[in-house]
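See below for the structure under consideration.
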Amino acid sequence: MWIQFFADILFSIAIIFIPGYLLCRTAQFPKIVSLASAPFVSCLLLFSLSFILLNLNIAGSWLIVVGPLFGISFGVFLVRLFIGRRMYSSKRTNRIDANNRNLVILALYVLVGLIVGALYLVKAFDGAGSFAQQYDNYYHLNLIRQYLETGYYAQAGILDYPAAWHCLVAVVASFGAGDVCVALNAVNYVLVAVVLPSGMFLFLHTICGQNTWILIAGSICSLAFAPFPWGFIAFGPLYPNLLSFVVLPAVMSLFAQGFLETSIRKIICNFIAFAIGCISLIVMHPGAIFAGILLMSPFVVSRIWNAELKRQWLSRKTARLLFSLGFLCFVGLVWIVCYKLPAFQGTVLFTWPAYLSTSDAIINALLINWTPYCVPQFLLSLLVFAGVVRCIVKRRGIWLVASYIAALVILVTVQSTEGMLKHVLGGFWYTDKFRIAAIAALAGIPLAAIGLSAVAVSMHRMLEKIKVKRKDGFQYLGAFIIAVAVALYFPNYDDSSEGIKKTVVTPFGNVYDLIAERNSLSEEAIFSQEEVDFAFKVKDVVSKEALIANVPFDGSYLSSGVVGLNIAYKALESAAYWDGVTDPEGMLIRANLCNYMDDPATYDAVRNSGIRYVLLFDIYDKDGERMYDAAQDLSLWSGITDISDDTPGFEIVLAEDDMRLYRLTAF
């Protein structure tokens, strides 16, 4: 299975980077810009092709989508290369490509990403096919399984729940052995370890120019915030948000570059690419659009403030102030209009209850203790503080400070208050502290990099003053940066200094524990490895057409997405819509399936439903406690839970420990 995992990683990198890179190069973007921007271009093209094929009623394996994906990108690139004028003359080489050092630093970002991702994501899995058993994941797994088995990698409604991530994972799963969980883990590893670091490199290069120290420091800081990307994997899980947020830095860099360019042609090209990026974000998850607005509005204000505004009756200061206020009023108007739109009401009015006092929320915000699952990141908060001070003292990058403060203000508001303001500010992210903490992390990464570089530069100057040799000085600085990286990513460790052995929980030790716990397939899990193996045996003996009755909160609700079983109840909400009004036959089956041989009404309901098998797992753990969803009333499911080996009308097909597959003998 691990071999398939690594094969899926290579395939994911290929489809995420190669098509988009070729298309960006065709549009004459520099090589590094093309690499960092490739993911959102490739994902948009992959999703678009999948949607077109769905509407043309063309289904198939991964080749049906990936073939046109590579065919279009290679075809356009070759036509532009051989038929059009020469793509890149030496005079037109962009400075980001002209400096080979940039390519080395980009490689450093990816190397750090691969190492940290391996240590805190891959290593935390029980196996290559490990999967989160939280509430949101059943939907993700079921949708991917639907794509995989139907051969259609999109939904009929293009603006349905954002499904670009599901499309990507399903295509990768189709390429592999059809194992949804292995493909899911491979794709997420690539997003965390490669896509986010490369996009953050481009963003830092765009806003900080050729400052080598900041760029090097950014390689250490890009993954150092526990709330993002790690929080999206540990909570929810928020996989579609993960895809949109990891490509957001590259989209923001194109927006910023559009303001920084002097050539009209390059300005137009950057804003066209930015528009494509926005469309891509919409099909990934629209929340990233509003995150980008929040993060980049201060940048636009800074450009207005530094612009040479033509004026006749106003002073320069007054003109800058009026234009800046005008832009902010425009952003506020767009924000309010979107807040009022019916399409967003289900999102902006969703409430996550406040759980902190305002004072506690502020303290946590300063210590980067942003979610209930985090622990304070003291060193990282010091680096961010150093970056804030550096920006203010040098009067450069103050807009980054404004973006960071804005994100923290919204975070504190949703964590500690209730009311309309909470929804206006944080509603576009469901008033969810995990999503808003991710926005704060994206704002904090550049500040942490600036802070770390400022400390490194100060050390360098100090070493020069005490006459340390240049070569030795760089060795000391290298050792310092490595020490900071080790401290930021240090795992949990045991401390026996007081005579009692205790575990010291570090920020990334906590990240590791959370991901390991969420993805555990141990016997305490609601859907353990033994039950997964049993479900695969069920798949071997039951035809695809036969419907299997189950009790969803014994873990079997996950067997549809993970294994591909045709179970009746794939969601934990089953009891809610089985109310006896909208589905009276379903309620009858749930309450009386065990007596279907003696009750004609139940017999007819079962025959009409297509149920031919029953799958049962354990509902209680070894201590006799309900394993999941204790709010459910078990008596409502007694028609299924009361089935035993001696129940008339049921034949044992498979049996292991307390796991059973029964066949209904009457049909």
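The values are calculated or read from the model by the stated rules, or taken from the named source; none is laboratory data. As the structure is a computational prediction, the values presented were derived from the model and not from experiment. Here the Cβ is made from the backbone with ideal geometry for all residues, glycine too, and neighbour counts use every protein chain on show. Accessible surface is based on the protein model in full, side chains and every heavy atom, while ligands, DNA and RNA are left aside. Shrake-Rupley method; radii C 1.70, N 1.55, O 1.52, S 1.80 Å.
Looking at segment 337-371, which of its residues are in a loop (DSSP other than H, G, I, E, B) and either touching a residue at least 40 places away in the same chain (Cβ under 8 Å) or of a type in the set (D, E, K, R) (or both)? Don't jump to the end; show me each part of the working.
From segment 337-371, those in a loop (DSSP other than H, G, I, E, B) are 341, 349-357, 367-371; that's our starting set.
Once the filter is applied, which keeps residues that are in a loop (DSSP other than H, G, I, E, B) and either touching a residue at least 40 places away in the same chain (Cβ under 8 Å) or of a type in the set (D, E, K, R) (or both), segment 337-371 yields 349, 350, 351, 352, 353, 354, 355, 356, 357, 368, 370, 371.
Identify, from the list 435, 395, 390, the residue that is among the basic types (Lys, Arg) and modelled with pLDDT under 95.
That would be 395, the only listed residue that is among the basic types (Lys, Arg) and modelled with pLDDT under 95.
Regarding residue 79, is this residue part of a helix (DSSP H, G or I) and within 30 Å of residue 192 (Cα to Cα)? No: the conditions fail for residue 79.
Can you name every residue in segment 18-38 that is in a helix (DSSP H, G or I), closer than 16 Å to residue 72 by Cα and either touching a residue at least 60 places away in the same chain (Cβ under 8 Å) or of a type in the set (S, T, N, Q) (or both)? Can you show your working first?
First, the residues of segment 18-38 that are in a helix (DSSP H, G or I): 18-26, 31-38.
Keeping just the survivors that are closer than 16 Å to residue 72 by Cα gives 18-26, 38.
Across segment 18-38, the qualifying residues are 24, 25, 26.
Flag not set for residue 268, criterion: of a type outside the set (Asp, Glu), without any contact (Cβ under 8 Å) to a residue 12 or more places away in the chain and buried (at least 17 other Cβ atoms within 10 Å of the Cβ). Of all residues in segment 369-390 being crowded, with 16+ Cβ neighbours inside 10 Å and among the aromatic types (Phe, Trp, Tyr), which is farthest from residue 228 (Cα to Cα)? Here the residue is 373.
Residue pairs whose Cβ atoms lie under 6 Å apart, sitting 6 or more positions apart in sequence or on different chains, and linking a residue in segment 157-179 that is on the phi > 0 side of the Ramachandran plot to a partner that is modelled with pLDDT of 95 or more, do not occur here.
This table checks each residue for (1) over 18 Å from the mean Cα position of the chain (by Cα); (2) open to solvent by 10 Å² or more (accessible area, probe 1.4 Å).
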site	(1), (2)
205	yes, yes
208	yes, yes
220	yes, yes
223	no, no
229	no, no
238	no, no
246	no, no
253	yes, no
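Looking only at residues of segment 402-417 that are touching a Leu at 6+ places or on another chain (Cβ under 9 Å) and among the small types (Gly, Ala, Ser), we find that the one that is farthest from residue 444 (Cα to Cα) is 416. Looking at 50, 42, just one residue is crowded, with 19+ Cβ neighbours inside 10 Å and more than 30 Å from residue 210 (Cα to Cα), and that residue is 50.
Note on segment 121-154: residues that are in contact (Cβ under 8 Å) with a residue 12 or more places away in the chain and over 15 Å from residue 237 (Cβ atoms) amount to 15. Here residue 374 clears all of (1) of a type outside the set (Val, Ile, Thr); (2) assigned to a loop (DSSP other than H, G, I, E, B); (3) within 26 Å of residue 216 (Cβ to Cβ); (4) under 23 Å from the mean Cα position of the chain (by Cα) except the condition numbered (3). Give the residue that is farthest from residue 160 (Cα to Cα), with candidates limited to residues of segment 126-136 that are modelled with pLDDT under 90 and of a type in the set (S, T, N, Q). Ranking the qualifying residues of segment 126-136, first place goes to 133.
Candidates are the residues of segment 577-603 that are open to solvent by 60 Å² or more (accessible area, probe 1.4 Å) and acidic (Asp, Glu); the one that is modelled with the highest pLDDT is 598.
Collect the residues in segment 82-125 that are outside any helix (DSSP H, G or I) and either hydrophobic (A, V, I, L, M, F, W, C) or at pLDDT below 90 (or both), keeping them in residue-number order. Passing the criteria: 83, 84, 85, 86, 87, 88, 89, 93, 94, 99, 124, 125.
Checked against the criterion of being open to solvent by 60 Å² or more (accessible area, probe 1.4 Å), under 21 Å from residue 173 (Cα atoms) and free of Cβ contacts under 8 Å to residues at least 60 places away in the same chain, segment 529-536 contains one or more residues that satisfy it. Only one of the listed residues (372, 342, 353) is closer than 26 Å to residue 385 by Cα and out of contact with any Lys or Arg (no Cβ under 6 Å at 6 or more places or on another chain). That residue is 372. Among residues of segment 482-493 that are closer than 17 Å to residue 218 by Cβ, those with a beta-carbon under 6 Å from a residue that is in a loop (DSSP other than H, G, I, E, B) at least six positions away or on a different chain give the pairs 488/224. Is one or more of the residues making up segment 61-73 part of a helix (DSSP H, G or I), open to solvent by 50 Å² or more (accessible area, probe 1.4 Å) and either touching a strand residue (DSSP E or B) at 6+ places or on another chain (Cβ under 9 Å) or over 19 Å from residue 175 (Cβ atoms) (or both)? Looking through segment 61-73, none of the residues is part of a helix (DSSP H, G or I), open to solvent by 50 Å² or more (accessible area, probe 1.4 Å) and either touching a strand residue (DSSP E or B) at 6+ places or on another chain (Cβ under 9 Å) or over 19 Å from residue 175 (Cβ atoms) (or both). Against the conditions (1) touching a Leu at 6+ places or on another chain (Cβ under 7 Å); (2) at pLDDT 95 or above, residue 178 satisfies every one except (2). Inspection of segment 365-376 finds no residue satisfying the criterion of being at pLDDT 95 or above and more than 30 Å from residue 233 (Cα to Cα).
Identify all residues within segment 434-469 that are of a type in the set (Ser, Thr, Tyr) and surrounded by 15 or more Cβ atoms within 10 Å (Cβ to Cβ); write none if there are none. Full working, then the answer.
Residues of segment 434-469 of a type in the set (Ser, Thr, Tyr): 453, 458.
If the condition is that a residue be of a type in the set (Ser, Thr, Tyr) and surrounded by 15 or more Cβ atoms within 10 Å (Cβ to Cβ), then 453 is the only one that fits.
Restricting segment 470-505 to residues that are of a type in the set (Asp, Glu) and open to solvent by 60 Å² or more (accessible area, probe 1.4 Å) leaves a set whose member that is nearest to residue 225 (Cα to Cα) is 494.
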